[in-house]
Amino acid sequence: MDIQALKDKKVGFISLGCDKNRVDLEKIIFNIKSFGFQIVNDCTKANIIIINTCSFLESSRMEAIENILEMSELKNSANLEKLIVTGCLNELGYSDLKDSLEEVDSFVRISDNDNIIDIIANLYGIDLHYHSTNGRILTTPNHVAYLKISDGCNNFCSYCLIPYIRGRFKSRTIEELVEESKILASQGVKELTLVAQDVTKYGVDLYNKKMLVELLQQLSKINGIEWIRLLYCYPEEIDDNLILEIKNNPKILKYLDIPLQHVSDKILKSMNRRSNYLSICNLFDKLRNEIPNIVIRTTFILGFPDENNDDFNKIIEFIKKYKLDNVGFFKYSREEGTRSYDFENQISDDVKDERLNEISQIQYEIQNNILQRRVGDVYSVIIDEIDDNYSIGRFYGQAPQIDGLIFIDEVLKIGEIYNIKITDYLDYDLKGELYHEHS
């Protein structure tokens, strides 16, 4: 086969897992397109399928394997010639699956993502030595992009596999991130969402100190970038400098994702978290005092080993006290390879389900009260999509893909920011109309 025949191959993609994984796939897609492959959205038309996998939880590993098996069937019923598996699944020894998954032609380690063209060429008997280039093909709306500022993690929470999957914490340089963001802005991106396993620890490995504030200041200078959002900020790393930067920098959205995971001191210690109930409350009080309109999102793990009713009720007490806009609850997943896998007093699935149902209903009522109070308010809203005769957008308190939406009974322009008056609320979403300020 010659190189032109290789370029005529059609490539399809399946993306699983988190937004950080999404960024990795966007870079793979860029190199696939830059080489000259044809990209197709319908996998039944693809000659090559790349499945970018997640392995954070047993459920995500099972989802990855199910997708591998489903796509492998296309070798018999469609045009599929080569099936390639990338992403986190391969980092936990799952490349051993090649003995039982002979349909997979290549398991690609994350460190080999830049060599994806050579890997594909070799599968077709071509020795290419292709030089990959930096770039991304966005899989988000064109005005929204995730910016992965670091990879890996040094925290070693007792329930988490990430340090074993992604390795130790490694920041990217400010110069590299600014250059990537300038390119994204030139392509029409207005909203940057900064992501990492631990955004607040950015720079400690490169600069021997936290450099998130300095990075935010540099990104804020980029023309075209209007909104900067912060996800995955560890509570003990949110200091006064960061709070002041969020408060005073108009481009940084008054929104923080702070994954607490628990608030019981006993469980936090068992999780190997460095916060405690008092420090968390002090932080939330300070954030509310310094930035009164801040929207905080958090997540909690329910049913961690040895979690009793008092520990669980501590979470209920906390969410009732702070009345957060967005809270995610997840049942503890016992993951082999983590320290908590061997902890005593594992909680039954029935108890986990009961606690999840109880606390979800409490948060549902809290969130509905918050949404109700927003009726009549006016917000800057970025439009993400058009559906029939209405527009769908978000205000600063709604992160893409994880929080609620605003539905507007008018066709507006995707990617533009409008003043929208909230007119009603739904279960998790809002309704609004274009606001015309009266003279």
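Of note:
- Scanning the chain for cysteines with no neighbouring cysteine C-beta under 4.7 angstrom from their C-beta gives 18, 43, 54, 88, 153, 233, 281.
- Were the residues from residue 434 through residue 346 laid out at 0.36 nm apart, the gain over their Cα-Cα distance would be 26.5 nm.
- Note on residue 368 and residue 122: their simple-model spin labels are 5.7 nm apart, each label 7 Å out from Cα toward Cβ.
- Nearest-20 debye value, the chain charge dipole, Cβ charges on Lys, Arg, Asp, Glu: 1260
- Loop GluC sites (Glu not before Pro), the range 343-439, which have at most 15 other Cβ atoms in a 10 Å radius of their Cβ (DSSP): 344, 410, 416, 437
- Förster radius 25 Å - calculated FRET efficiency between residue 239 and residue 378, Cβ distance, rounded to 0.05: 0.20
- Coordinate range along principal axes, alpha carbons of the range 320-360, Å, largest first: 34, 20, 14
- Relative to the longest principal axis of the Cα atoms of the chain, helix 277-290 runs at roughly 80 degrees.
- The angle separating the long axis of helix 19-35 from the principal Cα axis of greatest extent in the chain is about 30 degrees.
- For the range 210-233, backbone nitrogen atoms closer than 17 Å to the point 7 Å from residue 168 Cα along Cα-to-C-beta are found at 210.
- Result for the chain in a Gaussian network model with C-alpha springs under 10 Å: among 115, 389, 276, the largest mean-square fluctuation is at 389.
- Residue among 340, 348, 106 with the largest mean-square fluctuation in a Gaussian network model of the chain, springs linking Cα atoms under 10 Å: 348
- Residues of the range 143-184 with an amide N closer than 15 Å to a point placed 7 Å from the Cα of residue 223 along the Cα-to-Cβ direction: 182-184.
- For the chain, share of DSSP beta bridges that run antiparallel, in % to the nearest 5: 35
- Ordering 43-49, 333-339 by mean Cβ neighbour count within 10 Å, with the highest value first, yields 43-49, 333-339.
- Taking Rg and Dmax of the Cα atoms in Å as calculated from this structure, the corresponding entry among [x] 23.3, 82; [y] 21.5, 66; [z] 22.9, 72 is [z].
- Degrees, to the nearest 10: 58-72 long Cα axis against longest axis of the chain: 30
- Peptide packing: for 17-23, 319-325, the average count of neighbouring Cβ atoms within 10 Å per residue gives the ranking 17-23, 319-325, highest mean first.
- Short-range pairs are left out: with C-alpha atoms under 8 Å and at least six residues apart, the relative contact order of the chain is 9 percent.
- Inter-label distance for residue 354 and residue 248, nm, one decimal - labels placed 7 Å from Cα along Cα-to-Cβ: 5.2
- Using a Gaussian network model of the chain in which every pair of alpha carbons under 10 angstrom is joined by a spring, one finds that among 217, 197, 401 the greatest mean-square fluctuation is at 401.
- For the range 156-234, applying the loop criterion from DSSP together with a ceiling of 15 other beta carbons within 10 Å to the trypsin sites (Lys or Arg not before Pro) yields 168, 209, 221.
- Residues residue 282 and residue 186, FRET efficiency given R0 of 60 Å [Cβ-Cβ distance, rounded to 0.05]: 0.90
- Projected label distance in nm at residue 274 and residue 316, using a 7 Å step from Cα toward the beta-carbon: 3.3
Values quoted throughout were computed directly from the atomic coordinates according to the rules given, and no laboratory measurement underlies them. Bear in mind that the values here come from a model prediction, so they are computed numbers and not experimental data. Note: ideal-geometry Cβ built from the backbone for every residue, glycine included; neighbour counts use all protein chains shown.
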